[in-house]
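Structure, as structure tokens:
The values are calculated or read from the model by the stated rules, or taken from the named source; none is laboratory data. Please read all numbers here as calculations on a predicted model, not as lab measurements. Positions of Cβ are backbone-derived with ideal geometry, glycine not excepted, and every protein chain shown enters the neighbour counts.
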Amino acid sequence: MNFYKKIIFFFFCFFPAFLWSHKYDYELSKKLTEDYIRLLKNNDTGIDFYKKYKKIKKNFPGVFLRYSKDSGLAWYDKEKDRIFLNTKYVMIFFDIKNYSDEKIIAVLYFSSQTRRELVKYSDSVYFHELVHSFQDFKYGDSRYFKEGLFLELEYEAYLLSDMYFFDKIKKEKNLFVEFLKGEYSDVYFSEYAWGLLSVSWDMDEYKKNINMRYLNEVKGYVSLTEEEIKRKYALEEKKIISYAVGDRLGVKREAGDFEKLKKQKEEYSKFLEDYYKNIWPDFSYKVLRFLIDVSYEAKNYFVFFNSAYHFKKNSKVFGYQKDKEIEEKEALFYLDFLNFLKDRDKKDFELVAAEISAFEKFCDLSFRDIPDWVIKIRDENYKKTYAKYLKIVQNEKDEVKKNYYIENMSYFCSKVKDLSCDNLIK
């Protein structure tokens, strides 16, 4: 816990109990909204979105704090047009436990320093939910289907909030270096730092992870394509039945809903296609250069070699221009990693396996030799990690983690002759 957070911790501990009340809800909401919008307007992606938002919606949603055991960092409530920050994670952020919503609300209302510390690190989460508020106003009920939300809306929210986070972190490079060194982390920063790695490394894998998270784990999500097909056949069925029962108006309503859905799907297909072709290549290029730079400074071999690998891989598709600075860093880090590996503590075999796999993929793509003694260490750590993943993958409920284990086990199998992929769950 840094010095400033220690001060805030004691502020929470000794804050007067008689002030605990939900009566500060609305007053705090105004303060939080002002603080968040102030940061939003100091961010390139934030400014663009702010202008877009104000064109169609006059007021920003309220920001409230409530505890939820099962929800994520935050959520948007359509009926009330409110963004809720989950106090479960606010407590983790401030390193406090068993505090009521009322006390947290009062502390944040009366302490501007405490409030601004929370806002400073949670603004990307707020921005993500603000995108949902914008979507709700723009699309209205067509944003929803009868049982929940459309998955494609999460693509937009994640993509924009990751772009927002990158614009923010470019100005706070040292904080990202500390994160990669393992010297700093918090629940909000970590969420978007790893999201940034994912979107810059591989767009398809990024979308795949969102799919797995929302279609398999969160109730009430379906893809627009899936719903369009379902409604198309339902409409055809209703047309046939209507001739028997005379419900022509019902069919007309269904047809209208279907056309709205079809239009929304077309809009989102266009958005994703435009993002992938025109925005993501330049965004990925800038992020990868940034990651190569900060991981080099932090001596984080896993992030460096993964970023260098994807930079080289994507350059074949998008024509990324590599300069001498990157080539020099790659050459120096190649030698540096070999020296590091000789003295590396092998107890954390999973981390060693991750570092070597990133190094190996980079070497394979750039035609660099891997010494025999490294192959020996590789095989040993791949086998240990494979055995660990094999034990836990069958009971893993998190689809993203499960996919991570399976993909890594498959990779280990492709490199180590003694390992078999026959046991992998598909």
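Numbers for the structure displayed
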read-out: Selection within the range 52-88 - more than 18 Å from His132 (Cβ to Cβ) and in contact with a helix residue (DSSP H, G or I) (Cβ under 9 Å, 6 or more places away or on another chain); value: Tyr67, Lys69, Thr87
read-out: Which numbered condition Ser269 fails, given (1) modelled with pLDDT of 75 or more; (2) closer than 27 Å to Leu153 by Cα; (3) of a type in the set (S, T, N, Q); value: (1)
read-out: Residue match in the range 3-12 (condition: assigned to a helix (DSSP H, G or I), modelled with pLDDT of 90 or more, in contact with a helix residue (DSSP H, G or I) (Cβ under 8 Å, 6 or more places away or on another chain) and outside the structural domain of Met163 (by TED's automatic domain parsing)); value: no
read-out: The listed residue being closer than 24 Å to Lys170 by Cβ, buried (at least 19 other Cβ atoms within 10 Å of the Cβ) and aromatic (Phe, Trp, Tyr), out of Phe311, Phe337, Phe302, Phe318; value: Phe311
read-out: Within the range 349-426, helices (runs of 4 or more DSSP H) holding 1 or more residues that are assigned by TED's automatic domain parsing to the domain that holds Lys312, touching a residue at least 40 places away in the same chain (Cβ under 8 Å) and within 16 Å of Tyr301 (Cβ to Cβ); value: 349-366
read-out: Yes/no for Leu235 being surrounded by 19 or more Cβ atoms within 10 Å (Cβ to Cβ), in contact with a Phe, Trp or Tyr (Cβ under 9 Å, 6 or more places away or on another chain) and at pLDDT below 50; value: no
read-out: Looking only at the range 367-390, and only at residues there that are among the basic types (Lys, Arg) and over 17 Å from Leu335 (Cβ atoms), the one that is surrounded by the fewest Cβ atoms within 10 Å (Cβ to Cβ); value: Lys376
read-out: Meets criteria (of a type in the set (D, E, K, R), within 26 Å of the chain's Cα centre (by Cα) and outside any loop (DSSP other than H, G, I, E, B)) for Asp274; value: yes
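Residue-by-condition table, conditions (1) closer than 20 Å to Lys54 by Cα; (2) under 18 Å from the mean Cα position of the chain (by Cα); (3) modelled with pLDDT under 90:
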| position | (1), (2), (3) |
| --- | --- |
| Tyr99 | no, no, no |
| Glu102 | no, no, no |
| Leu108 | no, no, no |
| Gln113 | no, no, no |
| Ser122 | no, yes, no |
| Glu129 | yes, yes, no |
| Gly148 | no, no, yes |
| Tyr158 | no, yes, yes |
| Met163 | yes, yes, no |
